[in-house]
Amino acid sequence: MKERFRQSMAWLHTWSGLVVGWVLFFVFVTGTAGYFNSEITRWMQPELPLHQPRLQDNGKLVMAAMDRLQEVAPTAEFWSITLPHRSQAFRRWEDFSISWETMPREGHEHGVFGSEVLDPGNGEGVNAIDARDTGGGGALYVMHYALHYMDAELAFKLVGVCTMIMLVSLVSGIITHKKIFKDFFTFRPGKGQRSWLDAHNVMGVMALPFFLMITYSGLVFFGITYMPAGIAAIYGTDDKSTERYFDDLFGDHSHKAITRPTASVPDMIAKAEAAWGQDQVRSVFIQHDAGEEPQVDIGRVRGGQVRVFDAEIMRFHAHTGEPLSLDPPDGLTLRTDETLRALHEGRFAGPWLRWLYFIAGLLGCGMIGTGLVLWTVKRRKNHEATGGHCDLHPFWGLRLVEALNVATIAGLPAGVAAYFWANRLLPVEMADRANWEMHFLFLIWGEALIYAFFRCSDLKGCRKAWVELLWLAAAAFALLPLINALTTDKHLLNTVAAGDWVLAGFDLTMLALGLAFGYMAIKVKRIWLKKAAQEAQTNNAALAGEAA
């Protein structure tokens, strides 16, 4: 009974993984890139200056910001001041800036939102640097749940179904492997199908907790889309149901027009820095909720906790400077939801933990890729055993899967590299430039699929397609630092000398990816040359036996 159940789970694991494998590979590639989306965007806008950290007096900066806010928005619903700091939540450097929202006109729910970047030297507004139009890393990140060229809600549901099937595949895979932890230490190279299975098992077990977490939390992330019944039961299904849900979730307050605080805001900042440490204040938020005291919230730099957007704040009375009590903490349900979302996005992670997320994401790509290849290796072996030899023509399903595997596992990364190439080579003033960057990604991926389908008319051609597309991906990534040096002044020599490791790290990562794909191309070619030699030797021996 147990063996029959395990065999059923093995069948479920195999086919659930195959049906959605290519979509999941796309989701993992783009989602893994999303852990460095801000750094990618920074590289894709080379017009921005190199980061030069400097000493700052937050008290003076806040006074200059309030002077500017008094000029541009003397009566507003809120004033917000962002002090220069490194934001762990948004994974980027936040400049000195202000924002505000005017009081809404009669009959309107919201006023007009405004913002400015300020010069820390004089507190005056500065013109934003005219950086090139680009989708940046954000476009890659969004694609891992919204896909592309399709309706967003349909994409959410499609990715949700694929994610649920992945969870099924993970659980059935755990049940299938009786000695799952032994598999972690077992890899037998050069053994054909056995080697692919070992690689699949090793990569699956190495980051198994991550895969379970990322899959389940991904379903929770879009609970309203994937599991709407609970929301509908409480808030209804009419056009205003979502609005009621978010009002209940985040609160719905009416506000009075604020006035400039008469208490010393620099003193409030000094108290916060005394409690949190130097350079730990990120923002000042001034607001007056109806029926409550006018308040000044001093926000701490986000980081050091999983729910990174729950950063600590100190609240003061805007005119007396007296400390005020904070809002009650969120309920357990909301905190659980926010924790799962935070674990999925990894925004709480520092540099080293973020690299661990990135490596786990790459292992996910490897696990899915080896699983897809294993399916074709096993079927090809069965095909050859029945006398089909290496001709794939009678087996269109096998040929299609082979082509999809080659195009997705080797061609999609080449398409991502093409996205970065387009950023450097397309004219800066080109209309609809950001969309054309993305078009290049899908053009290269689509061409790889067409190429692989025609190449995979037989086994020999399919093997060549693997090697050729892996070399294409290797060259596309490895040459990016050179293209960068030829088209901008933000090349490795300058970025390393300036200590800008965001830009330097991108170029170095592209070189590493190029080397990795080059190694895979060499390894695959050697394995298949050896396999071809063995097949030729076997055929020659068979012919010699017939002749005798």
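Looking for whichever is crowded, with 17+ Cβ neighbours inside 10 Å and either closer than 20 Å to Ala131 by Cα or among the aliphatic types (A, V, I, L, M) (or both) here; the options are Ala498, Ala452. Which one fits?
Selected residue: Ala452, the only one of Ala498, Ala452 that is crowded, with 17+ Cβ neighbours inside 10 Å and either closer than 20 Å to Ala131 by Cα or among the aliphatic types (A, V, I, L, M) (or both).
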*Quick one: Ser283 ticks every box in (1) modelled with pLDDT under 80; (2) touching a Leu at 6+ places or on another chain (Cβ under 7 Å); (3) farther than 24 Å from Gly366 by Cβ except a single one, so which number is it?*
(1)
*Please specify each residue of the range 501-517 satisfying the condition of being under 11 Å from Ala475 (Cα atoms) and open to solvent by less than 60 Å² (accessible area, probe 1.4 Å).*
Met510, Leu513, Gly514, Ala516, Phe517
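Okay, residues lined up against (1) under 30 Å from Leu158 (Cβ atoms); (2) open to solvent by less than 20 Å² (accessible area, probe 1.4 Å):
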{"site": "Leu18", "(1), (2)": "yes, yes"}
{"site": "Trp22", "(1), (2)": "yes, no"}
{"site": "Gly59", "(1), (2)": "no, yes"}
{"site": "Glu71", "(1), (2)": "no, no"}
{"site": "Phe96", "(1), (2)": "no, yes"}
{"site": "Arg105", "(1), (2)": "no, no"}
{"site": "His110", "(1), (2)": "no, no"}
*Across the range 309-333, what is the total count of residues that are touching a helix residue (DSSP H, G or I) at 6+ places or on another chain (Cβ under 6 Å) and either closer than 20 Å to Phe90 by Cα or not aromatic (Phe, Trp, Tyr) (or both)?*
1
*Condition check for Leu443: at pLDDT 95 or above and open to solvent by 80 Å² or more (accessible area, probe 1.4 Å)*: yes
*Out of all the residues in the range 77-86, is one or more aromatic (Phe, Trp, Tyr) and over 11 Å from Val284 (Cα atoms)?*
no
*helices (runs of 4 or more DSSP H) wholly in the range 101-199 with at least 1 residues that are modelled with pLDDT of 70 or more - which ones?*
136-146, 152-176
*Would you mention how many residues in the range 270-296 are crowded, with 20+ Cβ neighbours inside 10 Å, assigned to a strand (DSSP E or B) and not polar (S, T, N, Q)?*
5
*For the range 337-360, name all the residues that are open to solvent by 70 Å² or more (accessible area, probe 1.4 Å) and closer than 19 Å to Thr215 by Cβ.*
Arg341, Leu356, Ile359
*asked:* Going residue by residue through the range 496-506, is there one that turns out to be modelled with pLDDT under 95, of a type outside the set (Phe, Trp, Tyr), within 24 Å of Thr408 (Cα to Cα) and part of a helix (DSSP H, G or I)?
replied: no
*Residue match in the range 456-469 (condition: open to solvent by 60 Å² or more (accessible area, probe 1.4 Å) and at pLDDT 85 or above)*: yes
_When the residues of the range 55-84 are narrowed to those that are modelled with pLDDT of 90 or more and of a type in the set (S, T, N, Q), which ends up nearest to Trp100 (Cα to Cα)?_
Ser80
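The values are calculated or read from the model by the stated rules, or taken from the named source; none is laboratory data. Since we're looking at a predicted model, the values are computed, not measured. Virtual Cβ from ideal backbone geometry, glycine too; neighbours counted across all protein chains shown. Heads up: the accessible areas ignore ligands, DNA and RNA and are worked out on the full protein's heavy atoms, side chains in. Shrake-Rupley method; radii C 1.70, N 1.55, O 1.52, S 1.80 Å.
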